[in-house]
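A quick write-up on the structure given underneath.
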Amino acid sequence: MVRLGIDLGGTKIEIVAINPMGDVLLRTRVATPQGDYLATLQAIAGLVEQAQNQLALSYKPSIGVGIPGAISAKTGRVKNANSIWLIGEDLKGDLENLLLRPICIANDANCFALAEASQGAAFGAKSVFGVIIGTGCGGGLVFNGEIVEGANGIAGEWGHNPLPWNSQYMSNQACYCGKQDCIETFLSGPGLAKRFKEVTARHLTAQQIVEQMRQADQQAIDIMNAYYDWLAKGLASVINVFDPEVVVLGGGLSQIHELYDEVPKRWSKWVFSDEVVTQLKAPLLGDSAGVIGAAWLWSSEG
C-alpha cells in the first residue's frame, strides 16, 4: 500500500508517496501560503488529490504530516510552531475533515530523525538526535528506532533553550516564543543573518554569509567561527543529557560542509567527558528526510 508523507514547512509544502519498501514513487512541492491557514489547508488537500490522481490510486492512502511545532495534549491544537499562523489551530481535525481519513501528525524534526535513523545517515545507531537548522531550529530524538515524544510532546526541542556558555554576540534578541536569545535566534538562518547585521550593518542571508566566508571576507569568517562555537555549545548541552551515538543535521544550513569538521573539533570543550565518540553526520536523505519520515509515521505511531 502506498503511503503519503507531507512536510509542512515555513516556505514550502512537500508531499511524497512511498511504497512498502520505502521507494519514492512521487515527490512534489509548492510554496507555503505564509500567514494564511485556510490556504495552507487547501494547498495540502490539492497535493493529496494530485498525488492520488497521478498514481491512479483506487483507495485512500495513509497520510502522515510533519509540522514545525507539536500538537498540544491539552487542546489538540498546534503549539510551539514557528509558522505562527498554525498556532491554536485544529490542524489534525481540519485535515481529517477535509481529506476524509485519519491523519498522523508529528514534529518535523521528529520525522527527520526517524527517517535518518531508519534508512539514512544514522542507520544502525541505537540513539539519534536529529537537528533541523533552517528557517527555525528544531530537534528530534529517536531511540531503538522509535520517536521519543516525551510527556509534554516536546522531547528534543533544544531550540528554545538559551544558548549555553555565554557568547559575545548575546544581544537580547527576541524569539517568536516570547523569550530572548534562544538557541534558534543564533542557529537558524534568519538568526545568523540578524546577528551578522547587528555587528556589521550588512544585510546578507545565511547563504550569502557562507559564500562571503569562502571568499575570505573577514567579517563573514568571524561570524561563521562564532556560529561553529554556537552549534558546538548547543549540541554539547544535548550530548550531556541524551548522549546520542549520532547527531544528524538537516535543514538548509546542514549543507554547510565546514560544520562537520569544525563542530566536532570544538564540542569537547563543553561535553562532560574525557572523550566524545558521538558522530556528527550530514543527512543521507537530503531534504527528503522529513517528508519520508512523515510517510512512515503510521508504522511508528498508528
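The values are calculated or read from the model by the stated rules, or taken from the named source; none is laboratory data. Note that the structure is predicted; figures quoted are calculated from it, not measured. Note that we place each Cβ from the backbone using ideal geometry, even for glycine, and neighbour counts take in every protein chain shown.
Key figures
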read-out	value
Residues being farther than 28 Å from Leu141 by Cβ and exposed (fewer than 15 other Cβ atoms within 10 Å of the Cβ) - total across the stretch 223-249	1
Filter result for the condition that a residue is touching a helix residue (DSSP H, G or I) at 6+ places or on another chain (Cβ under 7 Å) and either of a type in the set (Ser, Thr, Tyr) or not assigned by TED's automatic domain parsing to the domain that holds Leu192 (or both), over Ser83, Ser118, Ser171	Ser171
The stretch 130-141 - residue that is out of contact with any Pro (no Cβ under 9 Å at 6 or more places or on another chain) and part of a strand (DSSP E or B) and, of those, surrounded by the fewest Cβ atoms within 10 Å (Cβ to Cβ)	Gly139
Unmet requirement for Glu89, which otherwise passes all of (1) in a loop (DSSP other than H, G, I, E, B); (2) of a type outside the set (A, V, I, L, M); (3) in contact with a strand residue (DSSP E or B) (Cβ under 8 Å, 6 or more places away or on another chain); (4) modelled with pLDDT under 95	(4)
Residues within the stretch 220-250 that are charged (D, E, K, R) and farther than 30 Å from Ala201 by Cα, tallied	2
Single unsatisfied condition, Ile147 versus (1) among the aliphatic types (A, V, I, L, M); (2) modelled with pLDDT under 95; (3) exposed (fewer than 14 other Cβ atoms within 10 Å of the Cβ)	(3)
Within the stretch 102-129, tally of residues that are of a type in the set (D, E, K, R), in a loop (DSSP other than H, G, I, E, B) and surrounded by 23 or more Cβ atoms within 10 Å (Cβ to Cβ)	0
Count of residues meeting criterion [closer than 18 Å to Asn152 by Cα and out of contact with any Phe, Trp or Tyr (no Cβ under 9 Å at 6 or more places or on another chain)] in the stretch 82-137	10
